[in-house]
Amino acid sequence: MFLAAVLAGGAVVIAQDLRPQTTSFQHVTAAAGASSPTAAAGATVMLWADVTPRPHIHVYAPGAKDFAPPKIVVTPHSLLTVGKPIFPTGTLTALPGVSARVPVYSKTFRITQPVTLAAKAPRGGAVIIAATLSYQACDDAVCYPPASLPLFWRIGVN
């Protein structure tokens with residue numbers, strides 16, 4: 001089974017099973033994966049997105065005041081309960097025009113998103129999970145408008 005979404009500029013995101021998917025939009029790439037391709041009804045699965053800023057780009061981390069840190073918003077689904085996402089600690093960095101050091105990601109970082117399958121999830125089926133990754137990217141001179149890109153996962157129910 002394939003899922004595809006067309007992004008602005010014609011980029012296509014394709015996910016097959018749980019093979020990591022990579023997509024490019026604006027100033028980052030993101031690869032999505034999961035702790036397991038299958039899970040029992042009622043089980044928790046850890047979804048993840050590895051986000052990689054392009055060279056000379058940083059993304060604001062949670063705790064950066066007056067900037068938009070990354071977030072994952074999972075599309076509501078009757079067979080899922082979504083937990084609180086887990087972010088790594090950003091690196092405190094002095095940036096031009098900012099008086100305080102600000103937490104940022106300038107290298108690949110992983111956002112982990114726990115989800116729990118409903119007890120009523122049909123065995124032998126699959127749950128397709130869609131989400132949006134939002135972030136704000138900057139270089140040493142310019143902060144770009146907040147941007148987002150789609151993420152998809154397929155979890156088989158066993």
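The values are calculated or read from the model by the stated rules, or taken from the named source; none is laboratory data. None of the values given here were measured: they were computed from a predicted structure. Using ideal geometry, Cβ is built from the backbone for each residue, glycine included, and neighbour counts are taken over all protein chains shown.
Given the condition over 19 Å from V28 (Cα atoms) and surrounded by fewer than 19 Cβ atoms within 10 Å (Cβ to Cβ), answer yes or no: does some residue in the stretch 137-156 qualify?
Within the stretch 137-156 (the criterion being over 19 Å from V28 (Cα atoms) and surrounded by fewer than 19 Cβ atoms within 10 Å (Cβ to Cβ)), the answer is yes, since at least one residue qualifies.
Counting only residues that are at pLDDT below 95 and aromatic (F, W, Y), which one in the stretch 108-158 is nearest to the chain's Cα centre (by Cα)?
Out of the qualifying residues, it is Y135.
Return only the number of the condition from (1) assigned to a loop (DSSP other than H, G, I, E, B); (2) β-branched (V, I, T); (3) surrounded by 13 or more Cβ atoms within 10 Å (Cβ to Cβ); (4) touching a residue at least 24 places away in the same chain (Cβ under 8 Å) that V98 does not satisfy.
All conditions pass for V98, except number (4).
Regarding P37, is this residue modelled with pLDDT of 85 or more, surrounded by 13 or more Cβ atoms within 10 Å (Cβ to Cβ) and under 17 Å from P146 (Cβ atoms)?
No.
State yes or no: is T89 farther than 16 Å from V28 by Cβ, part of a strand (DSSP E or B) and not small (G, A, S)?
no
Can you give me the number of residues within the stretch 47-62 that are charged (D, E, K, R) and at pLDDT below 95?
We begin by selecting, within the stretch 47-62, every residue charged (D, E, K, R); these are 50, 54.
Checking the rest, the ones that are also at pLDDT below 95 come to 54.
Residues that pass the stated criteria total 1.
Residue under question is A137, and the condition is that it be of a type in the set (G, A, S), in contact (Cβ under 8 Å) with a residue 40 or more places away in the chain and touching a strand residue (DSSP E or B) at 6+ places or on another chain (Cβ under 7 Å); does it hold?
yes
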